[in-house]
Amino acid sequence: MDKIKIKDFTISAELPRGENNPRNSEGDFALLRDGSILFAYSKYTGDDADDDAACNIAGMISTDGGKTFEHLPYLLATAESHKTKNIMSVSLCRIPDGTLCLFYLAKYDPRSVVFLRRATEDEKHFGEAELCVPLKRGIYYVMNNSRVCVTNSGRILLPLACHKIVTGKDKIRTPEYFGKTAVFSGDEHAQNFEELPNIISMPYPGHSNTGLQEPGIEVLPDGRLYGYFRTDRMFQYESFSSDEGRTWTKPVQSRFTSPDSPMLIRRNPHSNICYAVWNPIPNYNGRINPNSKWVNAGRTPLVMAQSDDGINFSEFIVLEDEPTHGYCYPALYFLNEKEILLSYCCGGEEDGMCLTRTRIRKITLE
């Protein structure tokens, strides 16, 4: 397929860190019934930007087709309501019955769960929290932003990395870095979630320190499910399912070269074209990266490619390539065939690390 050609690439919003707000990251989009666009994201409070630090879910609204965004004067969900300090990693999904749902991760040291909230009538507020993925003994779950998948039959799939909780020499229990992938499946009303029986594991795990982390799922144009995973093997790994996620092929190296950084693949419902956003330069022995400590393992440049079938992608185009910044945790929303909203973390040296700042861009294709 031909390389993407961009007509316009403008910044719609920038979310830098600020006083009592050390990090803004990991968001997702939804079109509301009144025509406005909601962007929900992880808004940290206090002075700590670590993944497990104090965090709530905040929102922004665009009433001009994604050209600009304004902050909502309230939070969409709070950690306090869950009697914890951290909720994060937002996915917005309009499920088959028409309800807009807000999914997110809640952390209860050292374990975690997934909740959802259903939008109220105005779709700018959300109701009571409902548990989708419960606490599991000895397991820490991770579900990235913009990860909820709706299959062709209407099943709701939640791809989760599973990290075993281990006890260190200091007797503190923490999740190990190595991950496997589990898929939870709910009905068309986002109810009755169950863990599907097959855990997806890295083949030859002795050759990897990460295993399969931060999984994603997309429905291909032919109806199969495409699973993808970040690894430390210089590539994203991939797996396929023909039975709505109950069984998967053995994960193998994909065409996407990558550092240990998340990828996103989304299909535009207006054109049926699949778009991939990722970092294409892997971490290999001998690579010099003087900024690795704070841009998190070479997460630059940020690139995008397109595909008719979700398998064979075009040559990528570079979206961002500032060497002293890191770009990661993207989300995509398709306004129509030619207009796309893209969000991603974009912090640089002045921000301390790449996760503290988020940018929203509106892309207009030729």
Inset, instruction - Answer yes if at least one residue in the stretch 2-25 is modelled with pLDDT of 95 or more, of a type in the set (Phe, Trp, Tyr) and within 25 Å of Ser89 (Cα to Cα), and no otherwise. - result: no
Legend entry - First in the stretch 125-151 and closer than 16 Å to Asp28 by Cβ and free of Cβ contacts under 8 Å to residues at least 24 places away in the same chain, second anywhere and surrounded by fewer than 22 Cβ atoms within 10 Å (Cβ to Cβ) and aromatic (Phe, Trp, Tyr), Cβ under 7 Å, 6 or more apart: none
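When you scan the stretch 27-43, do you find a residue that is free of Cβ contacts under 8 Å to residues at least 24 places away in the same chain, part of a loop (DSSP other than H, G, I, E, B) and more than 23 Å from Val142 (Cα to Cα), even just one?
Step one: filter the stretch 27-43 for residues free of Cβ contacts under 8 Å to residues at least 24 places away in the same chain, giving none.
No, there is no match, as no residue in the stretch 27-43 is free of Cβ contacts under 8 Å to residues at least 24 places away in the same chain, part of a loop (DSSP other than H, G, I, E, B) and more than 23 Å from Val142 (Cα to Cα).
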Inset, instruction - Kindly check whether there is at least one residue in the stretch 75-87 that is within 22 Å of the chain's Cα centre (by Cα) and touching a residue at least 60 places away in the same chain (Cβ under 8 Å). - result: no
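Residue by residue, here is whether (1) crowded, with 20+ Cβ neighbours inside 10 Å; (2) over 19 Å from the mean Cα position of the chain (by Cα); (3) at pLDDT below 95 holds:
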| residue | (1), (2), (3) |
| --- | --- |
| Lys180 | yes, no, no |
| Asp187 | no, yes, no |
| Gly211 | yes, no, no |
| Gly216 | yes, no, no |
| Phe235 | no, no, no |
| Arg246 | no, yes, no |
| Arg255 | no, yes, no |
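Quick one: which residue in Leu355, Leu332, Leu341 is under 15 Å from the mean Cα position of the chain (by Cα), buried (at least 18 other Cβ atoms within 10 Å of the Cβ) and not in a strand (DSSP E or B)?
Leu355
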Inset, instruction - Would you check which residues across the stretch 160-174 are of a type outside the set (Lys, Arg) and at pLDDT 95 or above and list them? - result: Leu160, Ala161, Cys162, His163, Ile165
Inset, instruction - Could you tell me which numbered condition Pro203 fails, if it satisfies all but one of (1) in contact (Cβ under 8 Å) with a residue 40 or more places away in the chain; (2) part of a helix (DSSP H, G or I)? - result: (2)
Legend entry - Counted residues, the stretch 297-321 - those being within 20 Å of Gly27 (Cβ to Cβ) and at pLDDT below 95: 2
Legend entry - Conditions (1) in a loop (DSSP other than H, G, I, E, B); (2) in contact with a Leu (Cβ under 8 Å, 6 or more places away or on another chain); (3) within 30 Å of Glu337 (Cβ to Cβ); (4) hydrophobic (A, V, I, L, M, F, W, C): number failed by Met1: (2)
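In the stretch 163-190, which residues are over 19 Å from Gly206 (Cα atoms), without any contact (Cβ under 8 Å) to a residue 12 or more places away in the chain and either in contact with a strand residue (DSSP E or B) (Cβ under 8 Å, 6 or more places away or on another chain) or outside any loop (DSSP other than H, G, I, E, B) (or both)?
Once the filter is applied, which keeps residues that are over 19 Å from Gly206 (Cα atoms), without any contact (Cβ under 8 Å) to a residue 12 or more places away in the chain and either in contact with a strand residue (DSSP E or B) (Cβ under 8 Å, 6 or more places away or on another chain) or outside any loop (DSSP other than H, G, I, E, B) (or both), the stretch 163-190 yields Thr167, Gly168.
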Inset, instruction - Quick one: Thr364 ticks every box in (1) part of a strand (DSSP E or B); (2) buried (at least 22 other Cβ atoms within 10 Å of the Cβ); (3) out of contact with any Leu (no Cβ under 8 Å at 6 or more places or on another chain) except a single one, so which number is it? - result: (2)
Inset, instruction - Would you check which residues across the stretch 142-186 are hydroxyl-bearing (Ser, Thr, Tyr) and closer than 15 Å to Arg246 by Cα and list them? - result: Thr151, Ser153, Thr181, Ser185
Legend entry - Those residues of the stretch 156-177 which are closer than 21 Å to Ser89 by Cβ and surrounded by fewer than 18 Cβ atoms within 10 Å (Cβ to Cβ), in sequence order: Lys164, Ile165, Thr174, Glu176, Tyr177
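The values are calculated or read from the model by the stated rules, or taken from the named source; none is laboratory data. All values derive from a computational prediction rather than experimental measurement. When we count neighbours, we look across all protein chains shown, and the Cβ atoms used for this are built from the backbone with ideal geometry, even at glycine.
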